[in-house]
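Have a look at the structure below before the remarks.
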């Protein structure tokens, strides 16, 4: 895997960071893609939302059971979004505000400043929208997510 | 990156495969997770939908401009879901029907049989639902996606 760029955000420390994009709906950041991949960004600006797939580069270990930020019970790591998964891959859906050459302006990001990027995919409603779902242990609401903040337990 | 398991599907050839999970809503497959990671699956069965992050292992090259299955115009690869991206990472949201120990039964999969798995994440509506979005070059409908089939252009 090669890094294709870097995510820049207002969050320079894991302590007190939003735990999900919806906790940072008004926070703006940028993604700077390596110039050698710029051609691959053509047409991306037509999409209002994109998936960022990135490397949780501050996660240095794996735990198969973790207690998520939004819960008080230990859960299997694949039933959570914790960084301490076997492959330290992160996934966020963010709003794409603009693209200028190799720079994306994004909104609603829950990602640490300096995070290396692995991939970008367009969010396409006809592929990706889930009409009705059941969210297991997560019994919170949008407000729970908006107000939750991280700490350093997952480094 | 280590493979954490393997995806088994009815699709043994890239020719004539659905191009997105919504093209295979009634197709059932299984994900077999390596036993050493089984503990990490605890509580996953509470979720009706999961993200599978996998390796497009049949993609052997990178193209920064591609013509998607659902379009007739060349687009930047990051504005598409083509496998020929710099890192050959695939992402699908699928329905989780059941978990039995290290085996997941899933529905609505658009993934080639034998595909190696990198990560599983729960789909959590409060994190992931996008209320209103704009899908760029993709002007089709759900029916377009359901009826589209792949070919071997992306190997």
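The values are calculated or read from the model by the stated rules, or taken from the named source; none is laboratory data. Just so it is clear, the model here is predicted, and its values are computed rather than measured. Heads up, the Cβs are rebuilt from the backbone with ideal geometry, glycines too, and the neighbour counts pull from every protein chain shown.
Figures for the structure shown
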{"quantity": "Lone unmet requirement of (1) facing chain A (nearest Cβ under 10 Å); (2) in a strand (DSSP E or B) for residue B:87", "calculated": "(2)"}
{"quantity": "Members of segment B:139-151 found to be over 11 Å from residue B:69 (Cβ atoms) and either surrounded by 14 or more Cβ atoms within 10 Å (Cβ to Cβ) or at pLDDT 75 or above (or both), listed by number", "calculated": "B:139, B:142, B:146"}
{"quantity": "Within segment B:127-143, tally of residues that are in contact with a strand residue (DSSP E or B) (Cβ under 7 Å, 6 or more places away or on another chain), closer than 27 Å to residue A:19 by Cβ and not in a loop (DSSP other than H, G, I, E, B)", "calculated": "1"}
{"quantity": "Number of the condition not met by residue A:146 [criteria: (1) part of a strand (DSSP E or B); (2) more than 26 Å from residue B:94 (Cβ to Cβ); (3) within 12 Å of another protein chain (Cβ to nearest Cβ)]", "calculated": "(1)"}
{"quantity": "Selection from segment A:1-28 of residues that are in a strand (DSSP E or B), buried (at least 17 other Cβ atoms within 10 Å of the Cβ) and modelled with pLDDT under 95", "calculated": "A:18"}
{"quantity": "Residue list for segment A:109-131, restricted to those being touching a residue at least 60 places away in the same chain (Cβ under 8 Å) and at the interface with chain B (Cβ under 10 Å from one of its Cβ atoms)", "calculated": "A:110, A:117, A:118, A:119, A:120, A:121, A:122, A:123, A:124"}
{"quantity": "Number of positions in segment A:90-126 that are in contact with a helix residue (DSSP H, G or I) (Cβ under 7 Å, 6 or more places away or on another chain) and in a loop (DSSP other than H, G, I, E, B)", "calculated": "5"}
{"quantity": "Filter result (more than 8 Å from chain A (Cβ to nearest Cβ) and under 20 Å from the mean Cα position of the chain (by Cα)) within segment B:34-47", "calculated": "B:34"}
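Yes/no matrix, rows are residues, columns are (1) within 17 Å of residue B:91 (Cα to Cα); (2) within 7 Å of chain B (Cβ to nearest Cβ); (3) crowded, with 22+ Cβ neighbours inside 10 Å:
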| residue | (1), (2), (3) |
| --- | --- |
| A:49 | yes, yes, yes |
| A:52 | yes, no, yes |
| A:61 | no, no, no |
| A:64 | no, yes, no |
| A:73 | no, no, no |
| A:77 | no, yes, yes |
| A:83 | no, no, yes |
| A:97 | no, no, no |
